[in-house]
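One structure is given here, and the rest of the page talks about it.
The values are calculated or read from the model by the stated rules, or taken from the named source; none is laboratory data. What you see is a predicted model, and the numbers here were worked out from it, not measured in a lab. Every residue, glycine among them, receives a Cβ derived from its backbone with ideal geometry; neighbour counts consider all protein chains shown. Just the protein is used for accessible areas: all its heavy atoms, side chains included, with ligands, DNA and RNA removed. Shrake-Rupley method; radii C 1.70, N 1.55, O 1.52, S 1.80 Å.
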Amino acid sequence: MPPVKVNVKWKGKNHEVELDTEAPVSDFKAQLFSITEVEPSRQKIMIKGGILKDDTDLKTLNIKEGASIMMMGTPGELPKEPAKKTLFIEDMTDRQLAETLKLPSGLKNLGNTCYMNATLQCLRTIPELQESLNRFPNSVTSPDLQITLTTSLRDLYKQLNRTTESYVPFTFLQALRSAFPQFDQRNANGYMQQDAEECWTQIVTSLNNANIPSLDENIEKDSPSLGHIANYTKISRISRLPSYLTVGFVRFWWKNNRQIRTKITRRVQFPFDYDAYDLCTDELKQKIGPLRAHILEREKEKDSAERKAKLSVNSNEKETAESKNDSNVSEVDEEVKKLIDPDLEKDIGANVSGLYELCAVLTHIGRSADSGHYIGWARKHDSPEEWVKYDDDKVSIVPQSEIQKLDGGGGSA
């Protein structure tokens with residue numbers, strides 16, 4: 001049965017809401033929460049002469065199009081609506097833009113949805129993704145739930161880019177749970193915490209049907225020559241590198257003696273720069289080799305120049321060196337372009353050097369796979385030494401040194 005449009009009256013105002021009678025009452029309450037900021041536990045909904053209960057089957061109420069529903073409840077301790085009207089980018093002056101866009105918008109937690117919020121903020125650091133989503137058709141009517149997920153993601157990022165306020169990602173959450181029911185699991189306390197890695201994989205799969213290989217793997221199989229089961233090492237090599245590389249650290253494993261998923265808490269350090277050259281096929285190594293060697297040599301020269309500048313007591317000498325480097329930028333760019341392999345240059349979305357810079361990290365706090373809290377971290381493009389911390393709707397700037405502490409140990413990583 002398709003959703004029906006109903007009129008919800010709250011504090012003297014009418015809100016037109018699409019009510020899915022196939023969904024549980026908790027979904028309807030979450031939808032009203034996104035509109036009124038009244039927590040579901042504080043909502044009292046009167047419909048057909050009675051109070052709507054959490055276990056009511058909405059299909060049995062035979063709700064008609066345009067039906068009137070009364071809601072009572074106050075937001076309580078939730079953030080109050082600002083006294084001033086929300087300003088959108090097109091309404092702001094240059095000064096207002098400079099003052100208000102220092103921090104990106106956060107995402108409100110709709111009940112154990114931090115795994116989704118952190119995932120969305122990390123994916124948001126990829127400008128090419130947003131550009132592709134913006135080219136997606138404006139209105140798509142399709143029974144394909146993954147297409148609905150894609151359009152919801154497009155609209156979500158558009159809203160985040162237009163406002164400075166924290167955003168309620170309710171529509172995308174609905175699309176995610178419809179496309180992948182595993183994220184719709186509940187227990188006695190409400191919606192269950194989910195795995196951010198699984199959320200990341202499902203979203204990316206919906207967008208481009210990409211698979212992440214396993215490169216080196218130990219396997220057991222029967223050996224005809226030995227006449228028994230033997231250990232083999234299966235080695236795979238990459239023949240094409242993507243522009244953005246996702247690396248997942250397995251932090252949860254199944255503990256047989258207790259029949260639960262538990263967290264691996266040992267430290268695993270990760271670099272801010274990564275060279276994937278050794279993982280490539282010989283053919284790909286030849287293609288990325290010249291540009292890779294050139295970039296690495298330039299990095300060495302840059303590091304050497306910076307060390308020399310720090311040791312120098314003559315500031316004029318440093319300023320002269322910097323000016324000279326700036327004057328040669330165009331010459332360097334042309335030199336770099338000549339080193340790009342023609343085949344890789346034509347391959348849109350391919351990495352042409354095999355070198356990567358860390359741009360986002362997604363971490364989990366807590367020792368249980370079914371609880372805890374997820375946080376997203378993204379490098380600022382205009383200030384590489386600073387990172388943005390996305391803790392749901394709490395957004396802050398942290399130094400790069402904080403990222404180095406995310407290598408695990410205890411309950412955080």
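Okay, here's what the table says:
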{"item": "Anisotropy class of the range 105-159 from Cα gyration tensor, a/c 1.5 cut", "result": "oblate"}
{"item": "Prolate/oblate/rounded label for the range 116-191 (Cα gyration tensor, a/c 1.5)", "result": "oblate"}
{"item": "Cβ-placed point charges (K, R +1; D, E -1), dipole of the range 1-79 about Cα centre in debye, nearest 20", "result": "420 debye"}
{"item": "Interchain or long-range residues, amide H under 5 Å from Ala360's placed H", "result": "Arg379"}
{"item": "Exposure ranking of Arg251, Arg135, Arg162 by accessible area [1.4 Å probe, largest first]", "result": "Arg135, Arg162, Arg251"}
{"item": "Accessible surface of Phe136 - all protein chains present, 1.4 Å probe, nearest 10 Å²", "result": "60 Å²"}
{"item": "Using θ = phi - 60° and Karplus 6.51 cos²θ - 1.76 cosθ + 1.60, couplings along the range 160-170 (whole Hz; Gly, Pro as x)", "result": "5, 7, 9, 10, 9, 8, 5, 10, 9, x, 5"}
{"item": "Rg followed by Dmax, in Å, when the range 151-194 is reduced to its Cα trace", "result": "12.6, 37"}
{"item": "Unsatisfied cross-links (Cα-Cα over 31 Å) in the set Lys59/Lys389; Lys302/Lys389; Lys346/Lys380; Lys44/Lys108", "result": "Lys59/Lys389"}
